[in-house]
Structures are given as structure tokens and as C-alpha cells.
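Contents: one structure, followed by commentary.
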Amino acid sequence: MSELIYKRILLKLSGEALAGSSGFGIDVSEAEAIASRIKDVYDMGVEVAVVIGAGNIWRGKQGLDRGMDRATADYMGMLGTVMNAMALMDALERSGVYTRVQSAIEMRAVAEPYIRRRAIRHLEKGRVVIFSAGTGNPYFSTDTAAALRAMELDTNVLIKATKVDGVYDSDPKKNSNAKKFDQLSYIDVLNRRLQVMDSTAISLCMENNLPILVLNLWDPQALHRALHGEPVGTLVNS
């Protein structure tokens, strides 16, 4: 087996990753499945940070469509990410992986406050760190939070976990002729308006030359192969 090319990664998960067949709520078996994937790379000696969304609990667009204040809707989503982070932490620790949850919104009874140097120290000590509550500010997505934390922690790559094997020019579930991209530039993603991450996150990665790897986390070998430099998913870089 070839040597690891990524030693410290940030894994971006959607909230829907924790939902069961209903697409809503937290399914403990799904949390355990994700924890198993993370444990595989943790056991390889990779330092793992995670940012998770809240689409399985709350989608702000539902409130906005009914006239809800945007900031209120966004703060509700941030609180949802804390619930997801706690569920994933529990699944990881039951599988033997030391884990810490940090929150960008202070709530010391359930999570540490986000402190960059403390987060780096956790990683160096072999703990998985899950970042919740986004950036702590409304109007910023968890995609942007993932890009920001990846830069702050000096990770080697931002891995966007999906249920498809990369980025396509159209929805492969609806178009059997959809073309998969093996590699894209940041500008291509922005110009083509490809749904990799939101434009703020893409721009932030582009300005700091942080590669983004989009892969299917539910493929048992995808993450393992990617960490060894094998061609997996879609790589977005300069």
C-alpha cells in the first residue's frame, strides 16, 4: 500500500447523512455507519476534523418561505448541527474513537467553545474534533464553516462527503448520460455553477489553495483509497 498523502483532513458531512430512509431526524444506525468510516481512517493515523450540517433537522428555507427572519432561521440551523455533532460523537466514542465537540456558539454544558489552538491540540493528541454551530454567524453556510475551519487547522484537504461518486455536469440520478469530472479548477466550479459547495466556500478555498475532494463516503473503500492518492471522486484545485 502506498504512503498516505493526506495526514490531516476535514470531512464535511451534510445533516442528511444522519437521516434514515425518511430523510428526517437522526438515525442511530446511520451515525454508526459514518463513525465506522471515520474510524477506518482514524486507525490509519490520519488526523480527522468534521463539520456537519443540519438539513435532517431544520432547513432555513422552510422558514424563509413563510417570512421568518433570516438570522433566526440560521441560528436554528446552527443549533441543529450541535444535536448532529453530539449524535456522531456518541457513535464514535462507542466505537473506541476519542472525540471532542466544539461549538461556535457557546454552550459549555454540551460542547467546548471553539478555540483554534485547542482544536489543533486535540488533533495532535489523536482525537477526532467535530465542529458544530457553523461559523457562529447567520448568513454563512456550513460549507463556508468547513472551508474556514479547514484553513484554520492547516488541513491537507477538505473532503466533501456525498452519496454519489463525484461531481457531474447534471444529476446522474435523473440523467443517465451525465458526465463525471475527475478534476476541476475552482473557476470551473464557479463558472459552471456546479453544486459542489456554495460560492463563498469555493472562493475561500481558491484564495488559500486548499484542495476539495468530493467522494462517496458510503463506498467502503473510497476514503481509504483517496488518502493513499488513488484517483477517487472529483478533485477540485487550481
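Accessible surface computed residue by residue for the chain, with neighbouring protein chains in place and a 1.4 Å probe, gives 48 Å² per residue. Using only side-chain charges placed at the Cβ, +1 for Lys and Arg and -1 for Asp and Glu, the dipole size of the chain relative to its Cα centre rounds to 220 debye. Under a Gaussian network description of the chain, with springs only between Cα atoms under 10 Å, the residue in 199, 170, 141 that fluctuates furthest is 170. For the range 79-238, with all protein chains present and a 1.4 Å probe, just round the carbon and sulfur fraction of the accessible area to a whole percent. In the range 79-238, the share of accessible area belonging to carbon and sulfur is 46 percent.
A dipole drawn for the range 1-129 from +1 and -1 charges on Cβ atoms has a positive end, and of 60, 14, 107 the residue lying farthest that way is 107.
Give a quick list of GluC sites (Glu not before Pro) in the range 25-116 that DSSP marks as loop, anything other than H, G, I, E or B, with at most 14 other Cβ atoms within 10 Å.
In loop regions of the range 25-116 (DSSP not H, G, I, E or B), the sparsely surrounded GluC sites (Glu not before Pro) are 106.
Rounded, prolate or oblate: which one fits the chain, using the alpha carbon gyration tensor with axes a ≥ b ≥ c (rounded when a/c is under 1.5, else prolate when a/b beats b/c, else oblate)? The shape class here is rounded. Largest GNM mean-square fluctuation among 216, 56, 137, using the chain with Cα springs under 10 Å: 137. Amide H to amide H distances under 5 Å link residue 56 with 15, 16, where only residues 5 or more positions off or on other chains count and H is placed in the peptide plane. Across 12, 61, 39, mean-square fluctuation computed from a Gaussian network of the chain (C-alpha pairs under 10 Å connected) peaks at 61. Each of 36, 133, 178 was scored by the projection of its Cα onto the charge dipole of the chain, and the greatest displacement toward the positive side belongs to 133; charges sit on the C-beta of Lys, Arg, Asp and Glu.
Taking a ≥ b ≥ c as the square roots of the Cα gyration tensor eigenvalues, the range 73-122 comes out oblate, since a/c reaches at least 1.5 and a/b does not exceed b/c.
The values are calculated or read from the model by the stated rules, or taken from the named source; none is laboratory data. Small disclaimer: the values here were computed from a predicted structure and weren't measured. Cβ atoms come from the backbone with ideal geometry, glycine included; neighbour counts cover every protein chain shown. Ligands, DNA and RNA are excluded from the accessible area calculation, which covers all protein heavy atoms including side chains. Shrake-Rupley method; radii C 1.70, N 1.55, O 1.52, S 1.80 Å.
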